[in-house]
Amino acid sequence: MAVQQALVLAARRMTEAGIDGAARDARVLMAHVLQIDASRITLVAPDMLNIDAKTAFDACITRRIAREPVSHILGRRSFYGRDFTVTPDVLDPRPETEILIAEALSQPFSSVLDMGVGSGAIVLSLLAEQPLAKGQGSDLSEKALAVAQDNADQLGLSNRVSFTQSDWFEPITGLFDLIVSNPPYIALDEMPDLSPELSFEPRMALTDEADGLQAYRIITAGALAHLRPRGRILLEIGPTQGAAVADMLLVQGFKAVRIVPDLDGRDRVVCAVAPQSNSTQ
Ligand SMILES: C[S@@+](CC[C@H](N)C(=O)[O-])C[C@H]1O[C@@H](n2cnc3c(N)ncnc32)[C@H](O)[C@@H]1O
């Protein structure tokens with residue numbers, strides 16, 4: 001069978017299974033199997049698929065029909081211009097999170113703490129873009145920390161980052177110029193309505209098993225004790241959580257609290273600055 005024909009059949013199978021963007025997914029998965037860039041698929045479309053490639057491609061399509069995300073099938077995800085290893089132990093980094101990266105890079109920093117580091121996408125992107133900075137990533141999940149370390153090694157950033165197993169600030173020490181976090185923010189009662197793809201991601205990366213705001217309460221309450229004067233905090237949020245998280249920061253004494261939208265115009269990141277003199281230190 002030719003590549004072209006295999007693509008058409010796969011797209012049809014996936015569309016019938018209710019998958020949006022089936023033709024695009026088929027091309028990406030075919031490129032993965034053929035180990036070529038997805039932009040070259042049209043060039044190889046007339047070629048015959050050998051039996052091994054056909055078997056491997058069919059297996060990928062079957063996994064996608066079972067709603068496994070494409071990034072999990074590929075084992076990697078491109079984020080802020082770099083490739084990250086993604087496994088079932090970490091959240092698949094989302095394009096919306098790139099807004100937090102752009103916002104963080106709008107001002108210089110020499111130290112950054114990423115809480116709930118997952119794959120390392122946030123802290124490693126920041127360190128790659130800010131070559132003199134050092135970073136720390138923390139996560140409750142030991143398996144996530146292993147993926148983050150693997151990504152740090154692959155990106156040549158291991159000498160500027162350390163990873164710590166923690167329950168939010170416990171046992172983080174030291175002061176940072178910048179604290180960033182994309183914590184689990186889906187409320188327990190929203191979990192049944194999520195797309196089937198999300199069942200392939202770690203539950204602890206998605207929900208706090210409560211109202212979706214638990215992690216923000218802990219992070220905003222502890223952040224001033226870990227920020228230098230005028231240090232910044234940037235928190236990714238769900239689209240309806242902006243006002244609640246902004247209030248938490250104001251109550252703690254943070255200044256310049258503002259909400260930054262994503263490219264779809266939905267509230268996505270809450271930013272704030274620690275006061276000049278920090279009474280908690
Ligand atoms: C939404 S994911 C974010 C992952 C990554 N930072 C990203 O943006 O792609 C949230 C992360 O918080 C971690 N986490 C959940 N509960 C935690 C806790 N109590 N302390 C530290 N990290 C926690 C999860 O393991 C997960 O890696």
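The values are calculated or read from the model by the stated rules, or taken from the named source; none is laboratory data. Worth saying up front: this structure is predicted, and the values here are computed from it rather than measured. Cβ atoms come from the backbone with ideal geometry, glycine included; neighbour counts cover every protein chain shown. SASA here: full protein model, heavy atoms, side chains in, ligands and nucleic acids out. Shrake-Rupley method; radii C 1.70, N 1.55, O 1.52, S 1.80 Å.
Just to verify a number: FRET efficiency for Ala221 and Leu250, C-beta to C-beta distance, R0 = 22 Å, to 0.05? Efficiency computed from Cβ-Cβ geometry: 0.95.
What does a probe at Arg266 reach in region 96-124, counting residues whose amide N is under 16 Å from the point 7 Å along Cα→Cβ? Within reach of a label on Arg266, which here means backbone N under 16 Å from a point 7 Å along Cα→Cβ, region 96-124 contributes 96-100. Residue-wise HN-Hα couplings along region 237-246, as the Karplus relation 6.51 cos²θ - 1.76 cosθ + 1.60 with θ = phi - 60° gives them from phi, are 9, x, x, 9, 9, x, 5, 5, 6, 4 Hz; Gly and Pro carry x. A 1.4 Å probe run over the chain, with the rest of the protein chains in place, finds 46 Å² accessible per residue.
Give the relative contact order (percent, whole number) for the chain; include only Cα pairs under 8 Å separated by 6+ residues.
Once normalised by length, the contact order is 13 percent.
Sequentially through region 121-130, phi angles give Karplus couplings (6.51, -1.76, 1.60; θ = phi - 60°) of 3, 6, 5, 6, 5, 5, 5, 5, 8, 10 Hz, Gly and Pro residues having no value and appearing as x. Just to be sure I understand: with springs between alpha-carbon atoms less than 10 Å apart, which residue in Val161, Val86, Val28 has the highest mean-square fluctuation in the Gaussian network model of the chain? Greatest mean-square fluctuation among the candidates belongs to Val28. Taking label points 7 Å from Cα along the Cα-to-Cβ direction, Ala59 and Asn159 give a separation of 3.9 nm.
Round to a whole number: what % of the accessible area of region 3-66 belongs to carbon and sulfur, probe 1.4 Å? Carbon-and-sulfur percentage of accessible area, whole number: 54. Assuming a ≥ b ≥ c are the square roots of the Cα gyration tensor eigenvalues, decide whether region 76-273 counts as rounded (a/c under 1.5), prolate (otherwise, with a/b larger than b/c) or oblate. Taking the square roots of the gyration eigenvalues as a ≥ b ≥ c, region 76-273 is rounded.
Residues whose amide H comes within less than 5 Å of that of Ala2, counting only those at least five positions distant or on another chain, are Leu49 (H built at 1.01 Å from N in the peptide plane).
Run the paramagnetic zone check for Thr15: 7 angstrom along Cα to Cβ, then residues of region 23-51 with backbone nitrogen under 15 Å. Correct set: 23-27. If R0 is 35 Å, the Cβ-Cβ spacing of Lys143 and Gln4 corresponds to a FRET efficiency of close to 0.30.
Rounded to whole numbers, the Karplus 3J(HN,Hα) couplings from phi for region 132-148 are 9, 7, 10, x, 10, x, 10, 7, 6, 8, 5, 5, 5, 4, 5, 5, 4 Hz, using 6.51 cos²θ - 1.76 cosθ + 1.60 with θ = phi - 60°, and x at Gly and Pro. Label-to-label distance, Asp211 versus Asp150, with points set 7 angstrom from Cα along the beta-carbon direction: 3.8 nm. A helix-only calculation puts the chain at -11000 deg cm²/dmol for mean residue ellipticity at 222 nm, using -39500 (n - 2.57) for each DSSP H run of at least four residues, averaged over all residues. Here Cys271 sits with roughly 10 square angstrom of accessible surface, probe radius 1.4 Å.
Put simply, when 176-184, 226-234 are sorted by average Cβ atoms within 10 angstrom per residue, most first, you get 176-184, 226-234.
Less than 5 angstrom separates the built amide H of Gly212 from those of Leu188, all sequence-distant by 5 or more or on a different chain. DSSP assigns beta bridges within the chain; of those with both partners inside it, close to 45 percent run antiparallel.
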